[in-house]
1. Does Thr70 satisfy the condition of being surrounded by fewer than 15 Cβ atoms within 10 Å (Cβ to Cβ) and either within 20 Å of Gln87 (Cα to Cα) or among the hydroxyl-bearing types (Ser, Thr, Tyr) (or both)?
2. Which condition number in (1) under 30 Å from Lys152 (Cβ atoms); (2) of a type in the set (A, V, I, L, M); (3) out of contact with any helix residue (DSSP H, G or I) (no Cβ under 7 Å at 6 or more places or on another chain) is the one that Ala4 fails?
3. As an exercise: evaluate Glu64 against (1) touching a residue at least 40 places away in the same chain (Cβ under 8 Å); (2) farther than 20 Å from Glu146 by Cα; (3) surrounded by fewer than 16 Cβ atoms within 10 Å (Cβ to Cβ) and give the number of the one condition it does not meet.
4. If only one of Gln87, Gln163 is at pLDDT below 95, assigned to a helix (DSSP H, G or I) and surrounded by 11 or more Cβ atoms within 10 Å (Cβ to Cβ), which one is it?
5. Based on this model, can you work out whether Arg115 counts as surrounded by 18 or more Cβ atoms within 10 Å (Cβ to Cβ) and either among the aliphatic types (A, V, I, L, M) or touching a residue at least 40 places away in the same chain (Cβ under 8 Å) (or both)?
6. Considering each of Gln58, Gln106 in turn, give the residue that is in a helix (DSSP H, G or I), surrounded by 13 or more Cβ atoms within 10 Å (Cβ to Cβ), touching a strand residue (DSSP E or B) at 6+ places or on another chain (Cβ under 6 Å) and not β-branched (Val, Ile, Thr).
7. Going by what's in this entry, would Leu79 be described as in contact with a Phe, Trp or Tyr (Cβ under 6 Å, 6 or more places away or on another chain) and crowded, with 19+ Cβ neighbours inside 10 Å?
Amino acid sequence: MKPADQTIVDSVKGWFEKAVLGLNLCPFAHKPYKEGKVQFVLSHATDDRTCLTDLYLQFQRLDEQPDIETLVIICASHLQLFTDYNQFLSLVDRLIEQEGWQGTYQVASFHPDYRFAETLADDLDNWTNRSPFPLLHLIREASIAEAVKAHKDIDAIPQQNIQQLRSLSETQRKVIFGRRIQAKKNRE
């Protein structure tokens, strides 16, 4: 891997370790990450067609390698605008449907400018899904079903994540996310 590519992958892994694991934003991620079952793949796609091809190939990889629990595709050169990314997710859903992968896989979405539908751009709540680069997180449905059974209150996780972010100081947020977060706590 080229040094520049490795730097991108390392930045995503660092965010994953500090935010997703460190803040426990996904309580199911610790075990597979420790076991080396989380893979990070850099896509060099610069257009939707190539990005969908990369996505398809990684779904096939999951089909062929059951030891990989979850896979994160880093879109460092494409989908930089959140509106483009959000529209691309409908193509992702169509691909999953066309290939018969519903019930087998789902894709979680993360983007540097992630914005939930009912929020303002600077709401702190959005940071639960903000990442250094646009990401497509491929997850096995069976793993989700297992995690749901094991967790006492799955529906409380999003609100707990928001509260966790709100409890951090600006300095702590900057250390974790690598940039200043100027966010409003609109719904406190």
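The values are calculated or read from the model by the stated rules, or taken from the named source; none is laboratory data. Keep in mind that what you see is a predicted model, and the values were worked out from it rather than measured. Here the Cβ is made from the backbone with ideal geometry for all residues, glycine too, and neighbour counts use every protein chain on show.
1. Taking the combined requirement at face value, the residue does not satisfy it.
2. (1)
3. (1)
4. Gln163
5. no
6. After ruling out the rest, the residue left standing is Gln58.
7. Numbers: in contact with a Phe, Trp or Tyr (Cβ under 6 Å, 6 or more places away or on another chain): yes; crowded, with 19+ Cβ neighbours inside 10 Å: yes.
The answer is yes for Leu79.
Quick grid of which residues meet (1) within 18 Å of the chain's Cα centre (by Cα); (2) on the phi < 0 side of the Ramachandran plot:
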{"residue": "Gly36", "(1), (2)": "yes, no"}
{"residue": "Thr53", "(1), (2)": "no, yes"}
{"residue": "Leu89", "(1), (2)": "yes, yes"}
{"residue": "Ser109", "(1), (2)": "yes, yes"}
